[in-house]
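Heads up, the thing below is written out as structure tokens.
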Amino acid sequence: MSSERIAFVGVGRMGANMARRLKDCGYAVTAVYDVNTAGADALAAEIDAKSARTLAGVTVAADVIFTVVTDDAAQLGVFAETGDSLLNGAKGKTFINCATITPATHVEVERRARAVGAATLEACMASSIPQARNGTLYLMCGGEPSVFARVKPILGQLSSALRHIGGTGQAAQVKALVNMVMNINTAGLAEGLGLGAALGLNLDMLREVFAQTGANSQVLKTDGEDMQNRAHDCYFSGAHAAKDSTIAWILGVQAGLTMPLAAAAKQQFDRMVALDLGHLDKSGVAELTFKGRRA
């Protein structure tokens with residue numbers, strides 16, 4: 001087993017379960033950090049790690065640091081060029097950045113890390129909480145091949161489908177496209193089931209027909225029954241769907257493309273957030289399409 005010390009910045013449900021997984025696999029998870037200090041303290045006690053109070057303290061305590069934060073601002077914040085930062089004392093360290101953020105931010109973080117003698121790798125996740133705990137994440141990685149090769153044994157304990165996409169920023173581009181198509185499928189399924197309900201169709205029957213025809217999708221498997229039963233326990237929130245849809249839509253604008261379906265899905269998830277439903281799972285977009293649920 002590798003003797004490298006591992007730390008996590010951002011220990012919500014994904015980061016915490018990744019830390020638990022690596023601890024179970026025999027790795028030394030030495031430090032965790034989160035703006036939610038109570039959550040970090042609880043996890044630290046559970047896995048016998050230090051709950052760091054500073055980002056610089058995380059860097060001191062580990063050789064490989066995972067970041068699992070919410071958005072571009074949070075990612076740039078933990079890699080700030082002044083003040084408390086993971087970059088303090090970071091020479092020789094490796095940062096594995098797992099957040100769904102813009103490709104440009106991954107490139108900027110790599111630039112900042114290189115300036116202090118550190119290495120980065122983006123490891124974009126296309127899975128959810130159970131997969132993080134069980135080590136079956138789908139990980140798309142971007143960055144220098146040598147960095148990927150060095151940390152591949154660690155990532156292999158987290159992922160059952162691990163691949164190197166290309167240079168820094170390219171994994172984030174692929175992840176944006178994955179989530180764009182997923183979100184379009186989610187919004188479309190919500191409309192199909194909503195219309196079926198409005199027509200008085202049996203939705204159990206309708207989902208079975210969808211599953212056996214061209215209407216089938218992974219989203220139907222994960223979200224169809226939840227949409228029907230209004231069971232929106234959060235695995236991937238509507239707020240995250242809105243953020244990720246925006247990332248993909250902006251990439252399309254920058255590429256000079258017109259993407260009406262991506263734009264429509266983005267508007268639906270933006271509406272979820274505006275109606276204070278962003279904390280629900282993305283399946284909650286059905287609350288906007290089923291007659292009588294919400295205007």
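Conditions tested, residue by residue: (1) part of a helix (DSSP H, G or I); (2) not small (Gly, Ala, Ser).
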position: Ala73; (1), (2): yes, no
position: Leu76; (1), (2): yes, yes
position: Asp84; (1), (2): no, yes
position: Leu87; (1), (2): no, yes
position: Gly92; (1), (2): no, no
position: Ile96; (1), (2): no, yes
position: Thr105; (1), (2): yes, yes
position: Val109; (1), (2): yes, yes
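Conditions tested, residue by residue: (1) of a type in the set (Phe, Trp, Tyr); (2) more than 21 Å from Pro153 (Cβ to Cβ); (3) over 22 Å from the mean Cα position of the chain (by Cα).
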position	(1), (2), (3)
Arg20	no, no, no
Glu46	no, yes, yes
Ser51	no, yes, yes
Ala56	no, yes, yes
Ala62	no, no, yes
Ile65	no, no, no
Val68	no, no, no
Gln75	no, yes, no
Keeping to the range 163-175, report how many residues are touching a residue at least 24 places away in the same chain (Cβ under 8 Å) and more than 17 Å from Ala113 (Cα to Cα). 9
Selection count where residues are in a loop (DSSP other than H, G, I, E, B) and in contact with a Cys (Cβ under 7 Å, 6 or more places away or on another chain), scope the range 237-295: 2
Is it fair to say Val219 is surrounded by fewer than 18 Cβ atoms within 10 Å (Cβ to Cβ) and either of a type outside the set (D, E, K, R) or outside the structural domain of Thr136 (by TED's automatic domain parsing) (or both)? no
With the requirement that a residue be more than 23 Å from Tyr235 (Cα to Cα) and surrounded by fewer than 18 Cβ atoms within 10 Å (Cβ to Cβ), what does the range 6-27 give you? Cys25, Gly26
Unique residue being under 19 Å from the mean Cα position of the chain (by Cα) and at negative phi when the list is Arg150, Arg163: Arg163
Of the candidates Ala211, Ala286, the one satisfying the condition of being loosely packed, with under 14 Cβ neighbours inside 10 Å and closer than 24 Å to Ser128 by Cα is Ala211
Exclusive hit being closer than 24 Å to Val64 by Cβ, hydroxyl-bearing (Ser, Thr, Tyr) and either outside the structural domain of Arg111 (by TED's automatic domain parsing) or surrounded by fewer than 17 Cβ atoms within 10 Å (Cβ to Cβ) (or both), set Thr186, Thr136: Thr136
Within the range 65-93, can you find the residues that are over 26 Å from Val178 (Cα atoms), touching a Ser or Thr at 6+ places or on another chain (Cβ under 8 Å) and surrounded by fewer than 22 Cβ atoms within 10 Å (Cβ to Cβ)? Asp84, Asn88, Gly89
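The values are calculated or read from the model by the stated rules, or taken from the named source; none is laboratory data. Source: prediction; values computed, not measured. Glycine also receives a Cβ, built like all others from the backbone with ideal geometry; neighbour counts cover every protein chain displayed.
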